[in-house]
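Before any comments, here is the structure.
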Amino acid sequence: MKIGFLQFNPVFNEPEANMKKLRKMITAESSEYDLLVLPELSNSGYLFSSIEEVKNSAEEIPVGPFCTMLAEIAAQKEVYFVSGVCEKDGKDIYNSSILVQPDGFIHTYRKTHLFNEEKKWFSPGNTGFEVYIISGKFGEVKIGMMICFDWIFPESARTLALKGSQIICHPSNLVLSYCQSAMFTRAVENRVFTITANRTGKERNSENELTFTGESIIVDPKGNYLARAGKDDECIAITEIDPEHANDKDVTPLNNIFEDRRPEMYND
Ligand code: ACM
């Protein structure tokens with residue numbers, strides 16, 4: 001199975017411009033993949049200054065223009081996309097991730113752990129962590145989604161792994177320096193594949209400036225980094241994996257990471 005990430009520098013609060021850039025990248029003949037993960041908030045950019053700005057970029061799932069574009073390309077190419085999207089649902093705005101299937105169906109995950117000023121704009125996610133079966137010429141594979149800062153709560157990846165996720169898709173807009181190292185642990189402690197699709201570039205408003213750290217990564221269940229982008233690259237990276245490797249939870253002949261868990265000792 002060919003899995004990959006797309007790393008780019010979105011144009012802040014210009015969904016049309018981002019769609020144009022992404023369409024060109026994901027339809028390039030040179031890119032062959034079964035599952036491609038795009039960054040968090042790929043339609044909107046990140047550093048909002050007002051709720052009006054957020055509403056300008058937010059769209060409804062599944063009928064918004066960004067969702068529609070991804071569904072159209074997923075059908076044409078018979079591929080799956082996971083992407084961050086600024087979502088509007090009635091009066092609520094969510095920092096969401098969508099899984100877009102080639103048959104046009106879209107699943108939604110809403111970010112559980114909001115980071116810093118995201119709390120000013122977005123409602124806390126209410127979907128929980130779910131696992132989906134995707135299928136194609138690569139067979140049947142179980143995937144889950146978490147978004148950026150969710151990584152710092154080990155429960156996010158753990159929940160997805162306990163529910164059977166073989167690949168954790170992780171759209172991100174990272175600004176701290178830890179995650180690219182920490183995902184080694186998330187992959188190893190759960191023995192899963194992880195795909196962190198980060199963004200590049202800087203955004204500023206009158207109060208803040210943020211630099212996004214790039215270096216999107218794919219890590220395998222034994223902690224090998226299968227792909228890594230540069231800090232500033234706008235690129236797609238693809239690697240071929242056997243998702244079944246995520247089914248082996250034995251760290252030693254006498255240690256199975258799930259069977260050895262002792263939840264009765266974990267009460268807080
Ligand atoms: C983040 O969660 N976007 C840092």
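The values are calculated or read from the model by the stated rules, or taken from the named source; none is laboratory data. What you see is a predicted model; the values in this text were computed from it and never measured. Cβ coordinates were reconstructed from backbone atoms using ideal geometry, including for glycine residues, and neighbour counts include every protein chain displayed. SASA here: full protein model, heavy atoms, side chains in, ligands and nucleic acids out. Shrake-Rupley method; radii C 1.70, N 1.55, O 1.52, S 1.80 Å.
Please find, within segment 150-173, the residue that is nearest to the chain's Cα centre (by Cα) out of those that are β-branched (Val, Ile, Thr) and buried (at least 23 other Cβ atoms within 10 Å of the Cβ).
So, considering only residues that are β-branched (Val, Ile, Thr) and buried (at least 23 other Cβ atoms within 10 Å of the Cβ), the one nearest to the chain's Cα centre (by Cα) is ILE168.
Checking LEU176 against (1) open to solvent by 60 Å² or more (accessible area, probe 1.4 Å); (2) away from the ligand (no atom under 16 Å from the Cβ); (3) not in a strand (DSSP E or B), only one condition comes out false. Which one?
Every condition holds for LEU176 apart from (2).
Search segment 35-57 for residues being away from the ligand (no atom under 16 Å from the Cβ) and surrounded by 24 or more Cβ atoms within 10 Å (Cβ to Cβ), and hand back the single one that is farthest from GLU244 (Cα to Cα).
LEU36
Please find, among ARG186, ARG199, the residue that is farther than 20 Å from LEU47 by Cβ, charged (D, E, K, R) and within 16 Å of the ligand (Cβ to nearest atom).
The match here is ARG186.
Say we look at segment 248-268 and pick out the residues that are β-branched (Val, Ile, Thr) and in contact (Cβ under 8 Å) with a residue 12 or more places away in the chain; which of these is most open to solvent (accessible area, probe 1.4 Å)?
VAL251
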